[in-house]
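The values are calculated or read from the model by the stated rules, or taken from the named source; none is laboratory data. Since this is a predicted model, take the numbers as computed values, not measurements. Cβ coordinates were reconstructed from backbone atoms using ideal geometry, including for glycine residues, and neighbour counts include every protein chain displayed. The protein model used for the area step is the full one, side chains on, heavy atoms only, and it has no ligands, DNA or RNA in it. Shrake-Rupley method; radii C 1.70, N 1.55, O 1.52, S 1.80 Å.
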Amino acid sequence: MTAALTAAINAAPRYGQPDLRRDAERIVAGGATGVQVRVTGESRSMVATAGVADLRTKSPVPPSGYFRIGSSNKTFVATVVLQLAGEGKLSLDDTVDRWLPGLIKGHGNDGRKITVRNLLQHTSGIIDDYPYPTAIASSREYRRHWHDTYTPQQVISRAMRHKPAFAPGKGWLYSNTGYAALGLIIEKATGRPWHEEVERHVIKPLGLKHTRWPAGSAELPWPHARGYSVFKTSEGFVDTTRHRDADASGGLISTTADLDRFFAALLSGKLLRPAQLADMRKTVPVATELQRVWPGARYGLGLIQRPLPCGGTYLGHGGDILGFMTRTGVTADGKRRIVISVSTERFDSTERALRLEAAADRLVNRALCRTR
């Protein structure tokens, strides 16, 4: 970003409802069926939708619809882990074996050397071998497997068939499997499943009435846009709304309003003690190959930090899951926030996926730089 362009953005007029609507429409033009977005500034919130909720009926996208938040779930899980650390119930320097003896082992994987911090920050080296839903690659596979479920132990066992990408702490690799292990550590430390701890320590205190764990259900609460996936099989948009994915790496269902409230509370210090929030915000660079998708990105403990073209940075955590793409952002001072839910995931080509990502990025940057 040139200095001239940065100056132009800083001098631009206040971001308004027409701007938000146009930027949402650009996401649809970038290859999505529908989008809902919420932008919050110091004095107001704006909501906009674009596209359709259902390709068959052409119904409009509900402005407060439910969606699967995917990996935005990781920030909820990290918050609970850091709360437990603040209460002295575990330490970020505890090894995985301290809590899950013998679970992480084989082919060079060693839970005696991987810490809780490594899992939170994706520096464990553990390879993902998720059986579902990320491995679905066609409508036929979706029809065969949408109802499948896997325990965290099964997910971890599959990952143990592979050598780690690097020694713990010696690199960065996004690992859903690591967060499946964190869910088990929460359960071991508290005696309750991760989602119950999230409900007790985050959802209920903040009054997030529309954030929930789906348990065994494959359905979304009403209202919602249908979620679509575009595979490499040239089938076009495939309805992938129904599926079961409820582990700690990406299991929650929520709304833009609830995610906005959660990230605002978290980054203003309402959920974590100062020491734990400071730990959460300590970042390391993400892998080089992801810089193409997330330019300038750094990863904390369940948080992603990105630079803004107008200067400074923002924090949040996106989520990608069959049918839904979530993007969130909060400026460093917490005064400007954005939550985007796109009801399409594109797996058909890297180029089309990056085009959709770029459209969402444009919205985030413009809204966070110009909203008052």
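Okay, here's what the table says:
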| quantity | calculated |
| --- | --- |
| Residue match in the range 30-41 (condition: farther than 29 Å from G300 by Cβ and either within 19 Å of the chain's Cα centre (by Cα) or modelled with pLDDT under 95 (or both)) | yes |
| Top-ranked residue in the range 291-305 [being closer than 17 Å to S175 by Cα and of a type in the set (G, A, S); ranked as surrounded by the most Cβ atoms within 10 Å (Cβ to Cβ)] | G302 |
| Residues that are touching a residue at least 40 places away in the same chain (Cβ under 8 Å), more than 10 Å from T123 (Cα to Cα) and more than 20 Å from the chain's Cα centre (by Cα), drawn from the range 157-184 | A159, M160, R161, H162, K163, P164 |
| Selection from the range 138-153 of residues that are open to solvent by less than 50 Å² (accessible area, probe 1.4 Å) and over 11 Å from V238 (Cα atoms) | D148, P152 |
| Filtered residues of the range 332-370 (kept if modelled with pLDDT under 95 and closer than 19 Å to R38 by Cβ) | D333, G334, K335, R370 |
| Strands (runs of 3 or more DSSP E) enclosed by the range 304-372 - at least 1 residues per element that are among the hydroxyl-bearing types (S, T, Y) | 313-316, 324-331, 337-342, 344-346 |
| Qualifying positions in the range 266-322 - more than 25 Å from A353 (Cα to Cα) and of a type outside the set (A, V, I, L, M, F, W, C) | S268, G269, K270, R273, P274, Q276, D279, R281, K282, T283, G311, G312 |
| Residue in the range 341-358 that is more than 27 Å from Y130 (Cα to Cα) and open to solvent by less than 40 Å² (accessible area, probe 1.4 Å) present | no |
| Contacts under 7 angstrom Cβ, first residue in the range 276-299 being under 15 Å from N118 (Cβ atoms), partner of a type in the set (S, T, N, Q) and at pLDDT 95 or above, 6 or more apart | T283/Q305; V284/Q121; V284/T123; Y299/Q121; Y299/T283 |
| Filtered residue count, the range 232-242, keeping only those that are in a loop (DSSP other than H, G, I, E, B), within 14 Å of A53 (Cβ to Cβ) and over 20 Å from the mean Cα position of the chain (by Cα) | 0 |
| Residue tally, condition within 19 Å of G111 (Cβ to Cβ), part of a helix (DSSP H, G or I) and open to solvent by less than 40 Å² (accessible area, probe 1.4 Å), over the range 173-231 | 13 |
| Qualifying residue in the range 32-53 (condition: among the polar types (S, T, N, Q), free of Cβ contacts under 8 Å to residues at least 24 places away in the same chain and either in a strand (DSSP E or B) or open to solvent by 10 Å² or more (accessible area, probe 1.4 Å) (or both)) | no |
| Total residues in the range 243-254, condition more than 13 Å from the chain's Cα centre (by Cα) and open to solvent by less than 10 Å² (accessible area, probe 1.4 Å) | 1 |
| Matching residues, the range 259-290, being open to solvent by 10 Å² or more (accessible area, probe 1.4 Å) and touching a Pro at 6+ places or on another chain (Cβ under 9 Å) | K270, L271 |
| Unmet requirement for K270, which otherwise passes all of (1) part of a helix (DSSP H, G or I); (2) out of contact with any Gly (no Cβ under 6 Å at 6 or more places or on another chain) | (1) |
